[in-house]
1. Assigning unit charges at the beta carbon (Lys, Arg +1; Asp, Glu -1) and nothing else, what dipole magnitude in debye, to the nearest 20, does the range 7-139 show about its Cα centre?
2. Highest mean first, what order results for 210-219, 186-195, 137-146 on Cβ atoms within 10 Å?
3. Using the scaling law 2.2 N^0.38 Å as the reference, what is the normalised Cα Rg of the range 1-130?
4. How much accessible area per residue does the chain have, in Å², with a 1.4 Å probe?
5. Applying 1/(1 + (r/R0)^6) with R0 = 35 Å to the Cβ-Cβ distance of Ile142 and Asp63, what FRET efficiency is obtained, to the nearest 0.05?
6. Leaving out ligands, DNA and RNA, what percent of the accessible area of the chain is carbon and sulfur, probe 1.4 Å?
7. Compare Leu51, Leu154, Leu132 in a GNM of the chain, Cα atoms joined below 10 Å, and give the one with the largest fluctuation.
8. Compute the orientation-averaged projected area for the range 38-114 from the convex hull of its Cα atoms and round it to one decimal in nm².
Amino acid sequence: MSTPANERTGRGSTRTAVVWSGLEPVLVRGPRDVLDIGGGTGGLAVRVGELGHRVTVVDPSPDALAALDRRAREHDVAVTGRQGDLSSLLDVVGPDSADVVLCHGVLEVVDDPAAALATLARVVRPGGVLSLLVAQRHAAVIARAMAGHFQQALEMLEPADPVAPSGRIGRRHSYDELTALASGAGFVVDTVHAVRVFTDLVPGSLLDLEPGATAALVELEQAVATRPEYLPLATQLHLLAHR
């Protein structure tokens, strides 16, 4: 699966390489109906659409959907934008409406992740695939502490109340919590990859100035993505599951 030039170089490639590698086996089969929840301005949706898939973005922001439309026209890709969120998803797209559902960076801000996963399970067709990308709690604790935000780090040590508001710092999940949520909604978990284990720790100046550094960092990220001992160190977790 091809990646745009601006994502193949610089820090962008180190942040997205593992996710794209995980999605590649899913997206090479097509064309498929792909639903991108909270897809915003279409950074992911347009790339998926360029592969020949029928993509629908559901997002609560009219401004983001307008930007999505402009981006899609610039790339000559047909992507449908619809206003809504997870709470209204079944009214917007209906049950069993997607072969692939992309839910990236959304569970952090929903009030009830279990209810959100139950909704997604109704949208994914039997045999379809769910792609979840979430912030990982253990790495967030370390990042907050290193930035001097010790109280925030303390607050993030334990899992959040599943029905409590996510708060200013957002909700984070561990591997066990994420897989339990997916399984509880009826999904069969296929893989969970560690994303951005090292990328957020490496100075951007090093990638800009050191020849070959970006490619070497991408290779390192790919090498540790499937090693379970690195999951607690990852900024994000990427889960792929099927119904």
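1. Working: 14 positive and 17 negative charges, 86 e Å.
Using only the charged Cβ atoms, the result is roughly 420 debye.
2. Peptide ranking by packing, descending: 186-195, 137-146, 210-219.
3. On the way: Rg = 14.2 Å, N = 130, 2.2 N^0.38 = 14.0 Å.
Scaled against compact globular proteins, the figure is 1.01.
4. 48
5. Numbers: r = 34 Å, r/R0 = 0.97.
It comes out at approximately 0.55.
6. Whole-percent figure for carbon plus sulfur exposure: 54.
7. Highest fluctuation among the options: Leu154.
8. Quarter of the Cα hull surface area: 5.0 nm².
The values are calculated or read from the model by the stated rules, or taken from the named source; none is laboratory data. Predicted, not measured: the structure shown is a model, and the values here were computed from it. A quick note on method: Cβ atoms are made from the backbone with ideal geometry, for glycine too, and the neighbour counts reach across all protein chains shown. The protein model used for the area step is the full one, side chains on, heavy atoms only, and it has no ligands, DNA or RNA in it. Shrake-Rupley method; radii C 1.70, N 1.55, O 1.52, S 1.80 Å.
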